[in-house]
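Below: the structure, in structure tokens.
Computed from the coordinates by the stated procedures, all read-outs in this text should not be read as laboratory data. Everything numeric here is computed off the predicted structure, so don't read it as measured data. Using ideal geometry, Cβ is built from the backbone for each residue, glycine included, and neighbour counts are taken over all protein chains shown.
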Amino acid sequence: MDIQTQSIIDRLSGAPLPRHIAIIMDGNGRWAKQRSLPRSAGHYEGVTSVRRATELCSDTGVGFLTLYAFSTENWNRPQEEVDTLMTLIGMAIERETPDLVRNNVRLRLIGDIERMPADARDRLERCRQATSHCSGLTLSLCLSYSSRWEIAEAARRLARLAADGSISADEIGEEAVEAGLATSGMPAPDLLIRTGGEKRLSNFLLWQAAYAELYFTDTLWPDFGKEALADAMADFQCRERRFGRTSEQVEADTAFQADS
Ligand code: FPP
């Protein structure tokens, strides 16, 4: 780890860090526009921020980083921009594969990957396979993903199981729905960050983010460096997570855990 990263990490308190961080990477287009560059330049620069976020999560021991890289709705963008993004994502992931392996980062793909062009899909799949043995950070890329699509998929799967008699309707609870989501097996995000100034979830992890701490920043994604991510982590460390309980209950629980 370089000295600069170490000093960024040293500024974090000893309070628990999020186990799972999810990010809506927004603002690439505006970053490019501010510089009179084509939108694609913003997406290229955005890849650098992906690398920085991955490194910091890996270095701080965050277990899961989930990035909203391309939504179902993004298919409606001009074809030229869609093509650029597909090429960029495929090339970037292929280029980063050796570093991901070296840093013990496992790639997980979430979304309707079949919809992606074969070339990008193949590069992503090769990286997924090459990193499948890695046991450090899990980096999930949400591609051709939307939360409503994912929940509908889970519902369809349960309906099939009920129709063929494998389960009864009464057995369908939260756990059964969760098992059918693309994120199954991962803890829910503790911290959900959106860059670029908008304050909405845009069809991202709607089920999983039920108790996530939300963090919105005006910083555009290409400008979102390690310090900015550490600021979000530090903000998370100051939040009281009650999960529906009272403050007094949370304090009593924390004191009990410290004693035992
Ligand atoms: C949103 O900014 C960003 C995207 C739709 C694409 C994000 C993709 C990357 C950063 C590349 C990811 C690469 C890898 C390898 C994961 P926007 O275009 O909506 O910006 P705007 O709101 O300013 O127009």
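Okay, here's what the table says:
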{"item": "Charge context of residue 121, other residues only, Cβ under 13 angstrom, K/R +1, D/E -1", "result": "-2"}
{"item": "Dipole axis of the chain (+1 Lys, Arg; -1 Asp, Glu on Cβ), positive-most option in 57, 90, 212", "result": "90"}
{"item": "Positive-end extreme of charge dipole, the chain - chosen from 140, 75, 13 (charges on Cβ)", "result": "75"}
{"item": "Convex hull volume per residue for segment 154-260, taking Cα atoms only, in Å³", "result": "168 Å³"}
{"item": "Net charge dipole size for the chain [Lys, Arg +1 and Asp, Glu -1 on Cβ; Debye, nearest 20]", "result": "620 debye"}
{"item": "Rel. contact order, % - alpha carbon contacts under 8 angstrom, at least six apart, segment 99-255", "result": "18 percent"}
{"item": "The chain: DSSP helices with Cα axial extent of at least 20 Å and average Kyte-Doolittle hydropathy no lower than -0.5", "result": "79-102, 147-163"}
{"item": "Difference of contour (0.36 nm per residue) and Cα-Cα distance, residue 239 to residue 257", "result": "4.7 nm"}
{"item": "Peptide ranges 41-48, 158-165, 96-103, 28-35 listed from the most packed, as the mean C-beta count within 10 angstrom indicates", "result": "41-48, 28-35, 96-103, 158-165"}
{"item": "Listed residues 120, 152, 169, most fluctuating in the chain (Gaussian network, C-alpha, under 10 Å)", "result": "169"}
{"item": "Neighbour net charge for residue 180 - beta-carbon separation under 12 angstrom, K R +1, D E -1", "result": "-2"}
{"item": "Whole-angstrom gap from segment 102-116 to segment 1-74, using each part's C-alpha centre", "result": "16 Å"}
{"item": "Dipole of segment 116-185 [Lys/Arg +1, Asp/Glu -1 at C-beta], most positive-end residue of 159, 184, 116", "result": "116"}
{"item": "Rule-of-thumb Rg ratio for segment 193-238 [Cα; 2.2 N^0.38 Å; N residues]", "result": "1.17"}
{"item": "Dipole moment magnitude, nearest 20 debye, segment 39-121 about Cα centre, only Lys, Arg, Asp, Glu C-beta charged", "result": "220 debye"}
{"item": "Spin-label pair residue 198/residue 115, simplified geometry with 7 Å Cα→Cβ offset, distance in nm", "result": "1.6 nm"}
{"item": "Coordinate range along principal axes, alpha carbons of the chain, Å, largest first", "result": "55, 54, 36"}
{"item": "Ordering of 136-147, 248-259, 228-239 by burial proxy (mean other Cβ atoms within 10 Å per residue, highest first)", "result": "136-147, 228-239, 248-259"}
{"item": "Test item: Cα-centred dipole of segment 109-260, Lys/Arg +1 and Asp/Glu -1 on Cβ, debye", "result": "560 debye"}
